[in-house]
1. Whether any residue in segment C:218-231 is under 20 Å from C:Phe80 (Cβ atoms), surrounded by fewer than 21 Cβ atoms within 10 Å (Cβ to Cβ) and of a type in the set (Ser, Thr, Tyr) is what I want to check.
2. Any idea which residue in segment A:108-166 is farthest from C:Ile291 (Cα to Cα), counting only those that are at pLDDT below 90, in contact with a Gly (Cβ under 9 Å, 6 or more places away or on another chain) and assigned to a loop (DSSP other than H, G, I, E, B)?
3. Could you please find all residues in segment A:126-145 being facing another protein chain (nearest Cβ under 7 Å) and either surrounded by fewer than 21 Cβ atoms within 10 Å (Cβ to Cβ) or touching a residue at least 12 places away in the same chain (Cβ under 8 Å) (or both)?
4. All but one of (1) surrounded by fewer than 18 Cβ atoms within 10 Å (Cβ to Cβ); (2) on the phi < 0 side of the Ramachandran plot hold for B:Glu261; state the number of the condition that does not hold.
5. Could you check B:Arg307 against (1) away from chain A (no Cβ under 14 Å); (2) closer than 15 Å to B:Pro251 by Cα; (3) crowded, with 17+ Cβ neighbours inside 10 Å and say which number it fails?
6. In segment B:501-547, what residues are surrounded by fewer than 15 Cβ atoms within 10 Å (Cβ to Cβ), within 27 Å of C:Arg73 (Cβ to Cβ) and either among the charged types (D, E, K, R) or in contact with a Leu (Cβ under 7 Å, 6 or more places away or on another chain) (or both)?
7. Name, by its number, the condition in (1) of a type outside the set (Asp, Glu); (2) within 26 Å of B:Leu183 (Cα to Cα); (3) modelled with pLDDT of 90 or more that does not hold for B:Ile72.
8. Looking at (1) crowded, with 18+ Cβ neighbours inside 10 Å; (2) assigned to a helix (DSSP H, G or I); (3) away from chain A (no Cβ under 11 Å), which is the only condition B:Asn459 fails?
Amino acid sequence: MNTIARTKADKVFDTINVIILSLVLVIILYPLIFVVVASVSDPLRVLQGEVWLWPKGLNLESYKLVFSHSQIMIGYRNTLFYTLLGTLINLVMTSLGAYPLSRRDFRARSFFTFLFTFTMFFSGGMIPTYLVVKQLGLLDKIWAMLLPGAVSVWNMTIMRNYFQTSIPFELQESAMIDGCGNLSLLIRIVLPLSVPIIAVMVIFYGVGHWNSYFNALIYLTDQNKYPLQLVLRSILMKEETSEMIAADDSVIRRQMMAEILKYAAIIVSSVPVLLLYPFLQKYFVHGIMVGALKG
Amino acid sequence: MRSKKLCALLLCLIFVLSLVAGCSSSQTTESGEQKQEKHPESNQTEQKAETAEETPGDEDVPPYLNKEGFPIVKEPITLRFMVRQTAVQPPHEEIYVWQEYEKMTGVKIEWINVPDTDLSEKRNLAIASGDLPDAFIRCLFSDLDVLRYGEQGIFIELNDLIDKYAPNLKACMEKYPEVGRGLPEYNGKIYATPVLYDSEPILMGTRLFIRKTWVDKLGLSMPTTTDELYKVLKAFKEQDPNGNGKPDEIPWTSSIITGIEGVLKGAWGLQNRGSKHSYVDWDEKNNQLRFIYTTDQMKELWQYLNRLYKEGLLDEEIFTMDHPKLIAKGEQDLVGAFCFVNSQAIGASHEQEYEGIPEALEGPHGDKLWALKGPVLSSKGPFQITSACKYPEVAMRWIDYFYSEEGATFFYMGVEGVTYKRNPDGTLEYSIPELENMPEGTSFDQIVGKYTPYMGGGNPQITMTHYFKGGETQPIPLKAAENVAPFAPKEIWAGFSFTIEEAEKLNELQNDIHTYIDNMRAEFITGKTSFDKWDEYVQQIEKMGFKEYMEIYQKGYERYMSN
Amino acid sequence: MNKKSKKSRISKDSILYDIIKNKTLYIMLLPVTTYFLIFCYWPMYGVQIAFKNFNAAKGIMGSPWVGFYHFQRFFRSYNFVTLITNTITLNLYNLVASFPAPIILALLLNEVANSKFKRVVQTVTYAPHFLSTVVVTGMLTTLLSPKTGIVNHLIATLGGERIYFMGEPAWFKHIYVWSGVWQHTGWSAIIYLAALTSVDQQQHEAAIIDGANKVQRIWYINIPAILPTAIILLILNLGQIMNVGFEKVFLLQNDLNLKSSDVISTYVYRMGLLGAQYSFSTAVGLFNSVINFILIVVVNYISRKVSEVSLW
């Protein structure tokens, strides 16, 4: 941290900064509070617009309903597994792809970049991809959740960009002169300096896996392999009967509960991953470059 | 620069290669899949069946089939059905009626349960990838899909099968002329078995419910004309019938504007051939088809609604309403009148205070029609036998039972003495023990859903009042239907049949025109656009291909009438 | 660049030389290339459906060719121009509003001394990203309701007239865009925060000695440092110009605001309601992709000339 005295202009700036950020905090925070509060309130009061800051008609029924489905724990377990293994695969593949593309002296980099970026625009669509997955024998296998989507061009481009701008080429050149091969360049020099971007990739890919349901929808049939989001979707639909049969109070309550369940479902599925970011924030630190360059 | 050209060249090469790769592999895959849909069990039984004796006189009856009665098959046969599993149902193999039916028929069903949420993806994927089940049951195929897949051969032609092995369905087609007319496609072929409703309370559609307690409190009587309705709504607004001192009453609301528009259509003589044709009806004076939304009567109807909106008699938020909001407003004791197929939509607290209107509303020109009645042939979507099925006759006999009264009762109520009992007055009632002491958190639907498979509707069978215990036959909506039944049109049209080209073109035109109408209806009623612009509105519709729309519709009509 | 040498030894310019020298780099690219070949290029043959009438029984290869029939169906839709206009204006507005916000947020956050406060703000701002579209649109409808919504309460107390926000075509764009800014700014800021960590501290120290204050330092040091990242993201986003997600528009759409809320994806959805329309939706998708692609090629070229930062 700077121990150099701050000028008056700086003090003003800092104060305004804190004010702005606090405002942002409040604006963003309020609807989030609403979601939490609504998830434990009486559905009727929420729909009637009575719920602002505190729960009204406190009840945990929506959470009871969500967790009463035994599938939920299976869903959590599966999603955890897919996220961990999937993100690992993503990291390895994306780094291996991004690094060569970031090297100025790599003649074919334009070609490969174009080759990969092209796929962001043109795709055969759901059916041919499904057929390919089927032909590879991946249907209803765990690998169907991990392989399609193993590399995202978007993420790879961002990672490549980071390598290009944050890791001076001179550093790599001097190492090459010292006889360092490309692979060890990547592993011993570039990656350790790229901790922030790796953290970003973990967040992007990790959250992607955590929230995914579409691949599971079309490739999986065994309900024991279902990820959390798919389980939640079916729970939400269970509670939303569009055909109102039978004069039963509980059917009405169920319709109403469906409204509140949306909020409970969000919380159930997001809290674990929300906690990821604060945990990773400590990796957003300045790279240990200064010493390396001087050396 | 060189790498750019190389780039492009290699890219083209890869693209072409993938085309070729796709070519060889997909062909073998897809056609291979179609041929290979053999279930290991049925392989065995087919061999067995071939050696079975044939009954003399039934030369074209397949050896494994019994032409009549139960069991349906001589040796156990397994069929794979893809079924839509709705929210309240367990997987279908657990449903009591299906288990009993398996014993009765000798046919084992391997159920592919697809939850509601995933239905269109899974169903479309099954077809496009060649992984066909033996039949699709209640998978909500649209009429266009049924025709398209029928013509492509994915759904087989059922005409012969119905003739030989579906006496109950055949009887329905003869008993209800609109079914016989509406079921075949433009080429006379039938590719699906229908959803049939022979139950007035269900067919009557959306009712108009008015708060009887408020009507009585304010010393009025239930309205029978559009003018009287206006006066009642006005009284609701101005005289504080909910007694809380605030002018917060919402005289008329609903979950969707078309519900409100629908109950008024008859008062202007519109939609005079039933609810299946809500944009085109019959011009009795000139003996031709008439487009409802460009008539002067529709203009007057919207002007009436505009007046209601301006004076606060129609919910301000009507264009962003949905079911939960309707319940919320109902529970808050704010609602004077609403429209739905049953009265539960308003919430349990005040449901009993409402009643259906005593007669169809009479409009300013003396029309007193109930335009919302639907045809017996409700949809063509619920049951199709695919080209992968080795035993289509078995499948046909299997489904035909539910088109008889006995079969349909079994479908809805289960087994007499076990799941239902017959009251002395002839009515049927569930006698499932769990219903007496419902475990916490369960509902009527969930419990009955474990025994009978009808939950969610859209079932391939015939539904009749005396065994249908759904919302439409509860006391209040039942009476509401009886009140308006005498005013329903004499002639109700089922859906028309079109060729694929006609249907696709119609789809395009409807997408443009109907969306425009939705938008303009909202603008006219809210007053955003003044009725001075009515002629412009009509001209706009003409510019959107209206002439072609009506020409295609005419073809459908002629086909329908000549069946 | 050297001219191609005609000598017999392998020229430094040729691909072959590059392969030999950098063979590990090529090997590193192998898994990724294989991935794209299998999962992206192999299925690409399916794009043909746009020019065919898909027949499920015959499969993609066996279906009959119809040339540009589906494209024509799309172009001659009465509202074609409106659909395209709505889609593009919505996206451009979205881009203009939501592009600077994460950058500003990241720059501000970077200057916060108190790490607890910093963490709290970061976590809270990125949380809305996890709310599902259904929840966000549900909240919007509740908040903006003419009778019971908090926004209208405020307006009424301040003496203004209540506005039926969801029913006004003019408001649709603003509701769509600013709720998106609210939801995704914190998330999008993550990448800029990461980029800011690579800013050279020495430059800052030197600037302070020269008497620069924070604002000047941000302007002259931090912003140029994250500029390449910003440009790359801008290019990538422009390559999505024709893609307006279906779900959020569909949930916010109603009869009253159709004039400005009807976009390409909702139109295609309605077409598909009456029967599966693979060929049609693939054709429309292809049309969108071609426009996206042309745009990104142009923008990439301009960017390369102007700033030396580009995708390829």
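1. no
2. A:Gly149
3. Initially, segment A:126-145 is screened for residues facing another protein chain (nearest Cβ under 7 Å), giving A:127-132, A:134-135.
A:Thr129, A:Tyr130, A:Lys134, A:Gln135, listed by residue number.
4. Condition not satisfied by B:Glu261: (1).
5. (3)
6. Of everything in segment B:501-547, those that are surrounded by fewer than 15 Cβ atoms within 10 Å (Cβ to Cβ), within 27 Å of C:Arg73 (Cβ to Cβ) and either among the charged types (D, E, K, R) or in contact with a Leu (Cβ under 7 Å, 6 or more places away or on another chain) (or both) turn out to be B:Glu501, B:Glu536, B:Glu542, B:Lys543, B:Lys547.
7. (3)
8. Answer for B:Asn459: the failing condition is (2).
The values are calculated or read from the model by the stated rules, or taken from the named source; none is laboratory data. All values derive from a computational prediction rather than experimental measurement. Heads up, the Cβs are rebuilt from the backbone with ideal geometry, glycines too, and the neighbour counts pull from every protein chain shown.
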